[in-house]
Amino acid sequence: MSIAPSAPTLKDYRGDVNTWCPGCGHFGVLAALQRALVNLKIPPHEVINVSGIGCSSKVPEYMRSYGFHSLHGRALPIAQGAKMGAKDLHVIVTGGDGDGYGIGGNHFLHAVRRNMDITYVVMDNGVYSLTKGQTSPTSPLGFVTRTTVYGNKERPLDALSVAIAAGGTFVAQGFSGDVKRLTEILERAIQHKGFALVNVLSPCVTYNKVLTYDYYKEHLVTVEEPFPTREEAIRFVKEHRGLVHGILYVDPETPDYQTALGYELRTREIPEGPMDEALLRELEEEFR
Amino acid sequence: MELAALEWKVGGQQGEGIDSTGEILARTLFRYGYYVTTYRQFESRIKGGHTDFKVRATPTPTHFHGDKVDILVGFDDETLPVHRSELKPGAVVILEGDGTKVTEEDGYTLAVFPLKAIATELGNPLAKNMIALGITGGLISLPREAFYHFIEEQFKRKGADVISSNKRAVDRGYEIAQEHLAHKVKTLPAREIDPNRLYLSGNEAIAFGAYMAGLTFLSAYPITPASEIMEWLAAKLPKRGGAVMQVEDEIAGITFAIGASFAGARAMTTSSGPGIALKTEAIALAGESETPVVVVDVQRAGPSTGMPTRHEQGDLNHLLHAAHGDFPRIVLYPSSVEDAFYLAAEALNLAEIYQTVVFLVSDLGLGMNKQTTPRFDPRRVEIRRGKIVSEEEAKALGEFFFKRYRLTEDGISPRPLPGNPYAVALTSSNEHREDGHIDETIEARNAQMEKRMRKLTGLRIQNPFYVDHPDAATLLVAVGSARGPVEEAAAALREEGYDVGTLFLQQLAPLPVEELRTLLVGRHVITVEHNYTGQLLGWLRRHLPIHEHSTAITQYDGRPFFAERIVREAKERIADEHRAERAHA
Ligand SMILES: Cc1ncc(C[n+]2csc(CCOP(=O)(O)OP(=O)(O)O)c2C)c(N)n1
């Protein structure tokens, strides 16, 4: 454990005392993410972890790195702003399905099409946990919660297909019950130059008695290789009602946002002191 | 005969080139050495609907485009009826019509010319505006070369034909003035050509000031009347490696800016009332997480979508209170185009120095209209980024979890930029310990709340307000673009023997209470504001025992103040106040 490690260990990534419920799926996601970063030899000070609000959004508390535990649903715009501010750092966003697909749904769509080089890890438990068990955009039809007393009437959001259709350049789904595979997926996602969505099926042992570890173990179909076309990837997801596991689609061609800009961002270079008088006089010409 | 100043207005249907006609005259008069102030009125549609453009040229500086009109040019049927009441005795009204006819009406000269037909004859039907400008030039004895320069510049890319046809149109206008209106020709007062002057709008000044102060990132969502700020910067920021991003909504506008600022950029977002409303949750985030961000509000008429292209100062209450919870905020409101430049620069400094949200408030009148302004002084505002922790400083502290929210006496905690190897830290919207981790114990909460609230104590910007005749019995108090008409109203009142002074407030929060106490308490205060409820007076009352007879002159019709109305109302308020005093005694 050192302040500025060059070869980081898991200890360097250890954050504050964890308060998730015992058995929470999010433990697996956190472990996989820390492992992926260590495997990639990325030290904590080169990582910005932005989260929204929710149980899952506590990752910046529990993982040591530069972190911003922000607002419910706003992690993606904050993270994209952070990438504009610090282009060379790894920006990783962690949050829940409510955070990302409910309140933050609009930002999600636009983040996908903007294709900034960040990694978005959605810890999908099909329920709003921190607020004690209301229905979420990915809850199954008929799901009974305190806000859907007579059963959920809204079909679950298929975030994978949405992301692929919206032009996502890296779309994957992991399972917090398979930390090894999830670690591999996250390594690939972090290395991907562009927006990488990793939806992680992450059971809530307290509020979701439908989407359980056993349910996933029984139903998940593994994807060995990404599909060559968006259409095939979406067809596969639809065929298996989203119960798939692996990297679904990768587009290495489309440039990430910063590359598409076509110039070098230098947003942190702000010289202190007097204003640049020559520049001032030059720009004043427009107003003379 | 000599005019004291020129007040000119052009009206017509949107899409007819009204703006460009006004802008050409304004720029020509500016180049020719006059102080020029303008006011554009338009509707929330692209084509059709009446629009007008006011130009006032004076030999001395002013912040006001004036109440009245010497020359009114109209290209539609609405111009004369809408603006007749503004005509000065002896004014000339030039209207587009079927034939040529000059008549003396009640107090003004009506001159109708078939401008479009004449322009068509000259080979360019679009040049009817140029004929009207030529007539204007002839009426005020402006050398026609003044227009030539402009035409050459403006139509450089369109080629020699367009340039010469436009010049011919201007010449034709001068001839028409000679032939039909020789008896109305006047001269403008002498002026001085001074190269140390600029002509720009409040929006341009904010964009320019922010750019000069090292802004590197702006994220926003388009809205009238604020969009021009992002548009100006969109062309400039990439040149220094910065960026303007038009993002999906106003929430993204501010949260992108907060993210960029957290990571080390100098960041700002711009909007108007409806967009500011959407930003409020993130405004509180800037407060709790202590992330610098500048939020520009160019106000328009509300509530809700209200009147999108009309003027108002109705967001003050919102900006002074916006968002949940208690946190320190800075609210600055320039009262001239010149100050818009300096306050934009100052706002970026203060956001980083105090690590909180800074509102830079403007209004449609100030934002979208241009004024002659002295050239900017680069020494007036230095670029300062506040307490950013260097690698050496952080290394010396040797903290595994850097104390991002260190308890300090001045309330400001040194801020690391991500990437600093020795300052790995957590920034948080939740209440936290010094190291940024969640902590809701009484000790942590109170210590952090008190630390945050401490940091603005004693904050004073360079010019928190401007005061003139501070010892007067009555003080007219205003913000933003109301400064222009209030200044002129006060001068007129003093000429009539009234004992009035003026105060234009630029630092609204934290309010410079102690200085204001000596100026305002015990004095009859009249605020002059563009809203229904007198929000500025309410804010002053909240901090100071403002005299009970103090009142607000309010206007909420979406149009700028006439100085004349302020004079009339101020006299009534002063008389009422005297009556009340006598009744008391
Ligand atoms: C604007 C706003 N609305 C509502 C909340 C309350 N809230 C906190 S967490 C949460 C939902 C969390 O669900 P999810 O994002 O799925 O994460 P989980 O807790 O299930 O991991 C809500 C609604 C809030 N903090 N802010």
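The values are calculated or read from the model by the stated rules, or taken from the named source; none is laboratory data. Computed from a prediction, not measured in an experiment: that's the story for all the values here. Here the Cβ is made from the backbone with ideal geometry for all residues, glycine too, and neighbour counts use every protein chain on show. Note: areas computed on protein heavy atoms with side chains; ligands, DNA, RNA excluded. Shrake-Rupley method; radii C 1.70, N 1.55, O 1.52, S 1.80 Å.
The distance separating the Cα centre of region B:437-490 from that of region B:325-369 comes to 11 Å. Distance between the pseudo-spin-label points of A:Glu272 and A:Val149 (7 Å out from Cα toward the beta carbon): 6.0 nm.
Which of these, A:Val17, A:Val179, A:Val91, has the largest mean-square fluctuation under a Gaussian network model of chain A (Cα springs below 10 Å)? Of A:Val17, A:Val179, A:Val91, the most mobile in the Gaussian network model is A:Val17. Semi-axis lengths, largest first, of the ellipsoid equivalent to region B:465-584 are 19, 18, 14 Å, with √(5λ) applied to each eigenvalue of the Cα gyration tensor. Element breakdown for the protein assembly as shown at a 1.4 angstrom probe: carbon and sulfur atoms account for 52% of the accessible area. With the simple model of a label 7 Å out from the Cα in the direction of the Cβ, B:Asp468 to A:Gln191 spans 7.0 nm. Since only A:His110, A:Phe68, A:Thr19 are under comparison, the one whose Cα sits farthest along the positive direction of the charge dipole of chain A, derived from C-beta charges on Lys, Arg, Asp and Glu, is A:Thr19. In plain terms, if you count all Cα to Cα distances in the protein assembly as shown and split them into 10 Å steps from zero, the share in each step is 2, 12, 19, 20, 17, 13, 10, 6, 2, 0 percent. Highest mean first, the peptides B:268-276, A:242-250 sorted by other C-beta atoms within 10 Å per residue fall in the order B:268-276, A:242-250. Sparse packing (at most 12 other Cβ atoms within 10 Å of the Cβ) combined with a DSSP loop state is found for the following trypsin sites (Lys or Arg not before Pro) in region A:80-149: A:Lys132, A:Arg146. In the frame of its principal axes, chain B has Cα extents of 86, 72, 41 Å, reported largest first.
Bridgeable aspartates and glutamates around A:Lys180 (alpha carbons under 15 Å apart, same-chain partners fewer than 8 residues away excluded): A:Glu224. In summary, the lysines within cross-link reach of B:Lys54, defined as a Cα separation below 17 angstrom excluding same-chain residues under 8 places away, comprise B:Lys9, B:Lys68, B:Lys88, B:Lys370.
About its Cα centre, the dipole of region A:1-113 is roughly 180 debye, where the only charges are +1 on Lys and Arg Cβ and -1 on Asp and Glu Cβ.
Take each residue in B:369-378, count the other chain C-beta atoms within 10 Å of its C-beta, and the mean is 3. Take each residue in A:87-96, count the other chain C-beta atoms within 10 Å of its C-beta, and the mean is 1. Its Cα centre serving as origin, the protein assembly as shown has a Cβ charge dipole (Lys and Arg +1, Asp and Glu -1) of approximately 1240 debye.
Shown in residue order for region B:131-148 are the 3J(HN,Hα) couplings computed by the Karplus curve 6.51 cos²θ - 1.76 cosθ + 1.60 at θ = phi - 60°: 5, 4, 5, x, 4, 4, x, x, 5, 10, 6, 8, x, 5, 4, 4, 6, 3 Hz (x for Gly and Pro). Across all directions, the average flat footprint of the convex hull enclosing the Cα atoms of region B:6-184 is 9.9 nm².
What value does region B:99-179 have for Rg/Rh, both radii from Cα atoms and Rh as Kirkwood defines it?
Working: Rg = 13.2 Å, Rh = 13.0 Å.
A ratio of 1.02.
Peptide A:106-116 is shielded by partner chain Cβ atoms: per residue, an average of 2 of them sit within 10 Å of its Cβ. Looking at chain B alone, DSSP beta bridges between its own residues are antiparallel in about 40 percent of cases. Residues whose amide H lies under 5 Å from that of B:Arg197, counting only those 5 or more places away or on a different chain, are B:Arg375; hydrogens are built 1.01 Å from N in the peptide plane. The packing ranking, built from the mean of other Cβ atoms within 10 Å per residue, places the peptides B:572-579, B:420-427 in the order B:420-427, B:572-579, highest first. Find the centroid of the Cα atoms in region B:533-585 and in region A:19-64, then give the distance between the two in whole Å. Measuring centre to centre over Cα atoms gives 59 Å.
Around the Cα centre of region B:387-432, unit charges on the Cβ atoms of Lys, Arg, Asp and Glu (plus for the first two, minus for the last two) sum to a dipole of about 100 debye. For the cross-link pairs A:Lys41/B:Lys239; A:Lys11/B:Lys451; B:Lys156/B:Lys186; A:Lys41/A:Lys83, which exceed 25 Å when the distance is taken from alpha carbon to alpha carbon? Beyond 25 Å: A:Lys41/B:Lys239; A:Lys11/B:Lys451; B:Lys156/B:Lys186. With coordinates expressed along the principal axes, the C-alpha atoms belonging to region A:17-258 extend over 49, 43, 32 Å, beginning with the largest. With the gyration tensor restricted to C-alpha atoms of region A:165-288, the semi-axes of the equivalent ellipsoid amount to 46, 18, 13 Å, longest first. Applying the criteria of a DSSP loop state and at most 15 other Cβ atoms within 10 Å to the trypsin sites (Lys or Arg not before Pro) of region B:430-502 yields B:Arg460.
Between helix A:105-114 and chain A there is an angle of about 60 degrees, using the helix long axis and the longest principal axis of the Cα atoms.
A viscosity of 1.567 mPa s and a temperature of 4 °C, combined with the Kirkwood radius over C-alpha pairs in the Stokes-Einstein formula, give region B:199-380 a diffusion coefficient of 83 µm²/s. If R0 is taken as 45 Å, the Cβ-Cβ distance between B:Glu382 and B:Ala575 corresponds to a FRET efficiency of 0.40. Scaling against 2.2 N^0.38 Å puts the C-alpha radius of gyration of region B:533-585 at 1.31. Solvent-accessible surface of the protein assembly as shown, averaged per residue with a 1.4 angstrom probe and all protein chains in place: 37 square angstrom.
For the protein assembly as shown, the residue among B:Asn420, B:Ala235, A:Ala278 whose Cα projects farthest onto the positive side of the dipole built from Cβ charges is B:Asn420.
Backbone phi angles across region B:184-189, fed through the Karplus curve with coefficients 6.51, -1.76 and 1.60 (θ = phi - 60°), yield HN-Hα couplings of 9, 5, 10, 10, 8, x Hz in residue order; Gly and Pro are listed as x.
Remark: C-alpha extents of region B:400-485 on the principal axes read 60, 32, 21 Å, sorted largest to smallest.
Between region A:95-174 and region B:124-155, the C-alpha centres lie 62 angstrom from each other.
Selection among B:Met212, B:Ile193, B:Leu181 by position relative to the dipole of region B:177-221 gives B:Leu181 as farthest towards the positive end (Cβ unit charges, Cα centre). Give me the percent of Cα-Cα pairs in region B:141-236 that sit more than 21 Å apart, rounded to a whole number. Everything past 21 Å amounts to 61 percent. For the pair A and B, the buried accessible area comes to roughly 6000 Å² in total, with a 1.4 Å probe and the value rounded to the nearest 100.
In order along region A:222-239, the phi-based Karplus estimate (6.51 cos²θ - 1.76 cosθ + 1.60, θ = phi - 60°) of 3J(HN,Hα) comes to 8, 9, 7, 10, x, 6, x, 10, 4, 4, 5, 5, 5, 4, 4, 4, 5, 4 Hz; Gly and Pro are listed as x.
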